[in-house]
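These notes concern the structure reproduced below.
All of the numbers you see were taken from the coordinates with simple rules; none came from a lab. Since the structure is predicted, the reported quantities are computational estimates derived from the model, not experimental observations.
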Amino acid sequence: METFEMHIKAIVYNKTRKLAGNTVDLELGDNATVAEAKSKIEELTTVPANMQWVIFGTLKLEDSKLLRDYGIRDGYTIYSTPTIVEQPNMPNL
């Protein structure tokens, strides 16, 4: 089965002025999981994947599911928010 590229945007919300509300472009395969999207966001922003909630519409997405399980397709936008308000060793999240 042929794999196609999927280009989606992730809007990152956190307390760091450098990242707050910024949009990052993600290039993922059409079989990409939510965990893979989080890893890509981490690569681009340094926000650890385990500290991200990824949201689409009103749903918090589960790491093990495919993005397409939620109806996410090429050109769509997801949101990444921190799972915590503040952590002592990472005060800018």
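Kindly write out, for region 39-44 in residue order, the coupling ³J(HN,Hα) from the Karplus curve 6.51 cos²θ - 1.76 cosθ + 1.60 (θ = phi - 60°), rounded to whole Hz, with x marking Gly and Pro.
4, 5, 4, 4, 4, 8
What residues have an amide H closer than 5 Å to that of D30, excluding those fewer than 5 places away on the same chain, when H is modeled at 1.01 Å from N in the peptide plane?
Amide H neighbours of D30, under 5 Å, 5+ apart: F4, M6.
Tabulate in residue order the Karplus-calculated ³J(HN,Hα) for region 27-34, using 6.51 cos²θ - 1.76 cosθ + 1.60 with θ = phi - 60°, rounded to whole Hz; enter x for Gly and Pro.
10, 9, x, 5, 9, 5, 8, 4
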